[in-house]
Structure formats: structure tokens, C-alpha cells
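*Asks:* Dropping a structure here in C-alpha cells format, bear with me for questions.
Where a number appears in this text, it was derived from the coordinates with a stated rule and is not lab data. Remember, it's a predicted structure, so these values are computed and weren't measured experimentally. When we count neighbours, we look across all protein chains shown, and the Cβ atoms used for this are built from the backbone with ideal geometry, even at glycine.
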Amino acid sequence: MVSLAEEISLEVCEDSDAAQLLPIEEGLNEFNDLMTGINDRKSLSVLVKSTNTGKILGGMQGRSSLGLLFIDLFYLPPELRKMGIGSDILHRFEDEGRKRGCSAAFLYTISFQAPDFYKKYGWEEFGRIDCKPEGTSRIFMKKSLLTS
């Protein structure tokens with residue numbers, strides 16, 4: 001009798017497409033739903049669009065799941081920074097998380113990115129891991145959404 005382990009191969013990839021990765025996402029989601037009895041995951045984006053071209057210039061993307069809000073990516077082109085747009089994006093993202101019933105939010109940033117920006121809005125560092133280049137860190141941050 002052939003074991004299941006003998007009928008599989010392992011492959012290291014750097015160019016997987018969304019369709020190839022779908023079984024991983026769906027499998028984990030199904031397991032989490034089974035374990036928690038909760039299926040509340042939703043993606044979330046706040047987009048910055050040109051009113052002239054409709055082109056997306058930047059924004060924030062993430063998701064909510066199991067009562068937590070996750071910020072995955074946030075980008076504004078340099079010419080749109082320091083105008084209050086980033087603050088507005090963050091507030092809208094957090095407000096939508098509250099509407100979805102999230103009690104806390106989570107993100108990680110890099111020391112040369114925006115940790116001080118997030119701290120200004122009540123985010124707290126709870127972990128740090130050194131990374132490259134030397135002197136740089138990944139900074140893990142959280143914020144309660146129950147107050148503010």
C-alpha cells in the first residue's frame with residue numbers, strides 16, 4: 001500500500017499565481033471556520049484615486065477577521081504626504097474596522113517607514129525584529145479599537 005506521503009512532492013516557488021495559492025487560503029479558512037464557528041473575514045481597502053484619470057495613486061489595504069483588523073499595506077506617493085491624507089485614510093480604515101466589530105488592530109511596519117506616524121494615532125509597539133539592512137527593524141504594532 002502506498003502512503004499519501006509517497007504521492008506528493010514539495011516545490012519551492014517564488015512566482016506562484018493566485019489560483020495556485022487558493023487551496024492554501026481556502027483550506028486554512030475552512031479549518032479556522034470549523035474551529036471557531038466564525039466566518040467574518042473580509043478584505044478592506046481605502047483607495048486614493050485621481051479624479052481626472054480614475055487611476056489608483058495609493059491607499060491602504062488589509063482585512064478583518066475574528067474581530068481583528070489587519071493593515072497589510074499602506075502607500076502614498078511622496079507628493080501626497082504631509083497633507084492629512086494619510087491620517088484620513090487611517091481613520092477611515094479604523095472606523096470601518098469598528099463597524100465590522102473589530103476590537104483591536106494589528107500591523108507591522110519597518111523602522112524607516114512610518115512607526116512614528118502610527119504612534120501619533122495611538123498605535124503601540126509590541127515587538128521588534130532586526131532585519132536588513134543593518135540597523136533596520138520590523139516593528140509590530142497594535143491598537144485597541146474600543147476607544148478613540
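*Asks:* Could you please tell me which pairs satisfy a Cβ distance under 8 Å, a separation of 6+ or placement on different chains, a first residue in the stretch 1-30 that is within 28 Å of Lys42 (Cβ to Cβ), and a second residue that is charged (D, E, K, R)?
*Replies:* Asn29/Arg41
*Asks:* Gly127 versus (1) touching a Gly at 6+ places or on another chain (Cβ under 9 Å); (2) assigned to a strand (DSSP E or B); (3) not β-branched (Val, Ile, Thr): which is the lone unmet condition?
*Replies:* (1)
*Asks:* Go through (1) surrounded by 14 or more Cβ atoms within 10 Å (Cβ to Cβ); (2) touching a residue at least 24 places away in the same chain (Cβ under 8 Å); (3) within 18 Å of Thr147 (Cα to Cα) for Tyr121 and report which single condition fails.
*Replies:* Condition (1) is where Tyr121 drops out.
*Asks:* Between residues in the stretch 32-50 that are under 29 Å from Leu76 (Cβ atoms) and residues that are hydroxyl-bearing (Ser, Thr, Tyr), which pairs lie under 8 Å by C-beta distance while being six or more apart or on different chains?
*Replies:* Final answer for the pair search is Asp40/Ser64; Asp40/Ser65; Arg41/Ser64; Arg41/Ser65; Lys42/Ser64; Lys42/Ser65; Leu44/Ser64.
*Asks:* If Ser144 satisfies all but one of (1) free of Cβ contacts under 8 Å to residues at least 40 places away in the same chain; (2) loosely packed, with under 14 Cβ neighbours inside 10 Å; (3) touching a strand residue (DSSP E or B) at 6+ places or on another chain (Cβ under 6 Å), what's the number of the condition it fails?
*Replies:* (1)
*Asks:* While we're looking at this one, here's another question. Do you know which residues across the stretch 64-90 are part of a helix (DSSP H, G or I) and either crowded, with 18+ Cβ neighbours inside 10 Å or under 15 Å from the mean Cα position of the chain (by Cα) (or both)?
*Replies:* Gly86, Ile89, Leu90 - these are the residues of the stretch 64-90 that are part of a helix (DSSP H, G or I) and either crowded, with 18+ Cβ neighbours inside 10 Å or under 15 Å from the mean Cα position of the chain (by Cα) (or both).
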